[in-house]
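The values are calculated or read from the model by the stated rules, or taken from the named source; none is laboratory data. These figures come from a predicted structure and were not determined experimentally. Counting neighbours? That spans all protein chains shown, and the Cβs are built from the backbone with ideal geometry, glycine included.
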Amino acid sequence: MPWDRACTTASSGDWTPPRDWITSNASLRRGDSSPRALRLPQNNPVSTKQNRPAPVAPPHLAAPASRPLSRRQRVLLALVVAGISAGLVYAFAAHRQTETASESDSHNGSLANSRDKSPLATPHVNDTPAPGEPPPGMVWIPGGVFWMGTEDPTSMVCGGRDAMPDARPVHLVAVDGFWMDTTEVTNEQFAAFVAATGYVTVAEKIPRAEDYPGAPAENLVAGSVVFTPPPYQVPLDQYLRWWSYIPGADWRHPEGPSSNLGGREKHPVVHVSWDDAVAYAKWAGKRLPTEAEWEFAARGGRDREPYIWGDELTPGGKYLANIFEGEFPHNNTALDGHTHTAPVGSYPANGFGLFDMAGNTWEWCSDWYRYNYYAALVPGSDGAVHNPPGPTESYDPREPGVPKRSQRGGSFLCTDQYCTRYMPGTRGSGAVDTGNNHVGFRCVRSGK
């Protein structure tokens with residue numbers, strides 16, 4: 001049996017809505033699963049959040065003349081249709097991507113077929129020496145060649161139920177050496193940045209009405225998205241039961257205004273948007289890693305193994321990452337020792353000396369997210385793609401028009417019962433203006 005309920009006995013929790021998905025609609029409260037919180041449809045794959053059209057109910061779903069729908073009801077109806085349509089688009093796109101990958105296998109020079117052609121480049125870690133003393137808190141990643149992406153994990157024990165079509169075709173990639181933070185950026189490190197610069201994160205800013213046309217004024221409050229599980233089992237397709245937009249939630253107040261960072265100085269900073277992460281990186285004289293750099297580093301010199309530590313999720317019955325165990329979303333048994341974020345470095349380092357490259361928090365990368373990016377890559381004469389920077393634009397068929405950047409590593413909410421994105425070859429994404437309480441980042445510095 002490829003999926004075993006005994007792995008972590010959890011579900012589909014590791015996704016959060018973009019910030020404007022909340023503020024563009026009526027209020028969302030804890031446990032609210034109303035369709036009014038579905039995000040508004042958009043058309044431009046790399047558009048900003050400005051001037052987004054208001055939804056209009058399809059004519060064939062209009063109410064009978066004898067009982068006209070109120071304006072509120074018409075909006076709700078349009079949002080439901082938009083949500084259903086987005087799901088159908090994603091299903092079709094994922095199917096088409098699989099077809100595209102299969103078709104590419106039949107062409108000479110395809111990435112998926114390059115493994116069978118014995119390319120000149122083979123997986124290895126370079127012996128390039130570090131260009132000087134390591135910067136504080138960083139380790140030298142010497143670069144090399146590796147197989148990037150993952151095969152369909154659903155056939156594996158504890159492989160989850162998500163086929164991960166955006167992580168194929170598996171392809172050969174070469175990356176140059178670079179420095180990388182040994183841990184995710186911590187609260188105390190981010191606090192030093194804020195103290196030095198006066199920086200204000202996206203979550204701390206009041207959303208502007210012009211950026212969210214049609215949003216009720218009472219919704220335009222500073223805040224962020226927080227995992228707020230109900231005390232009982234709920235249908236697992238009703239993700240609004242465990243995600244809430246909490247006014248006053250930000251990096252200093254991870255669960256809302258009544259929470260603080262006491263005792264969490266060494267935890268990864270959360271509620272940071274992509275722009276927030278980039279601002280910190282520039283201040284520190286660093287940058288965000290590309291997806292290729294991140295995955296090469298996460299694998300720690302291992303070749304195509306499903307986890308950063310080997311072939312088993314829990315070798316010897318021991319959890320080696322901060323993920324979700326138990327019955328999602330209401331019962332985290334914390335077999336790994338934690339129910340939320342853990343102090344960085346709580347689990348063994350990988351082969352390069354990096355901590356928490358699986359679980360704990362998602363980590364922002366520099367790449368735009370495009371679900372079919374791998375299928376469009378063209379290898380060099382040695383069969384490898386060299387230092388891929390990511391696509392030039394964003395596109396996620398689940399939410400067309402929402403600009404997204406790639407995220408890697410999974411978080412404390414990832415589970416094998418739905419998606420196993422703590423596997424190093426898998427991918428995630430997030431709206432660039434959105435932070436939440438399970439997304440953080442780490443930085444790199446070029447080696448030249």
Checking Pro400, Pro388, Pro343, Pro348 in turn, the sole residue that is surrounded by fewer than 22 Cβ atoms within 10 Å (Cβ to Cβ), under 26 Å from Thr186 (Cα atoms) and under 21 Å from the mean Cα position of the chain (by Cα) turns out to be Pro343
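Suppose we filter Phe190, Phe146 for residues that are assigned to a helix (DSSP H, G or I) and buried (at least 20 other Cβ atoms within 10 Å of the Cβ); which single one remains?
Phe190
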So Thr392 clears everything in (1) under 30 Å from Asp211 (Cα atoms); (2) of a type in the set (Ser, Thr, Tyr); (3) at pLDDT below 95 except one condition, right? Which one?
(3)
Only residues that are surrounded by fewer than 18 Cβ atoms within 10 Å (Cβ to Cβ) and touching a residue at least 60 places away in the same chain (Cβ under 8 Å): list them for segment 222-233, please.
Pro230, Pro231, Tyr232, Gln233
Examine segment 281-289 for a residue that is part of a helix (DSSP H, G or I) and surrounded by fewer than 17 Cβ atoms within 10 Å (Cβ to Cβ), and state whether such a residue exists.
yes
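This table checks each residue for (1) assigned to a loop (DSSP other than H, G, I, E, B); (2) in contact with a strand residue (DSSP E or B) (Cβ under 8 Å, 6 or more places away or on another chain); (3) at pLDDT 50 or above; (4) hydrophobic (A, V, I, L, M, F, W, C).
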site	(1), (2), (3), (4)
His95	no, no, no, no
Ser104	no, no, no, no
Asn113	no, no, no, no
Ala121	yes, yes, yes, yes
Glu133	yes, no, yes, no
Pro136	yes, no, yes, no
Thr154	no, no, yes, no
Cys158	yes, no, yes, yes
Ala174	no, yes, yes, yes
State which residue pairs qualify: first residue without any contact (Cβ under 8 Å) to a residue 60 or more places away in the chain and inside segment 140-161, second residue among the small types (Gly, Ala, Ser) in any location, beta carbons under 8 Å apart, and separation of 6 or more residues or different chains.
Pro142/Ala130; Pro142/Gly177; Asp152/Ala163
Looking only at segment 350-363, decide whether some residue is assigned to a strand (DSSP E or B), at negative phi and either in contact with a helix residue (DSSP H, G or I) (Cβ under 6 Å, 6 or more places away or on another chain) or touching a residue at least 40 places away in the same chain (Cβ under 8 Å) (or both).
yes
Which one of Leu240, Leu236 is out of contact with any Cys (no Cβ under 6 Å at 6 or more places or on another chain) and either surrounded by fewer than 18 Cβ atoms within 10 Å (Cβ to Cβ) or assigned to a strand (DSSP E or B) (or both)?
Leu236
Residue list for segment 318-348, restricted to those being of a type in the set (Gly, Ala, Ser) and at pLDDT 95 or above:
Ala321, Ala334, Gly337, Ala342, Gly345, Ser346
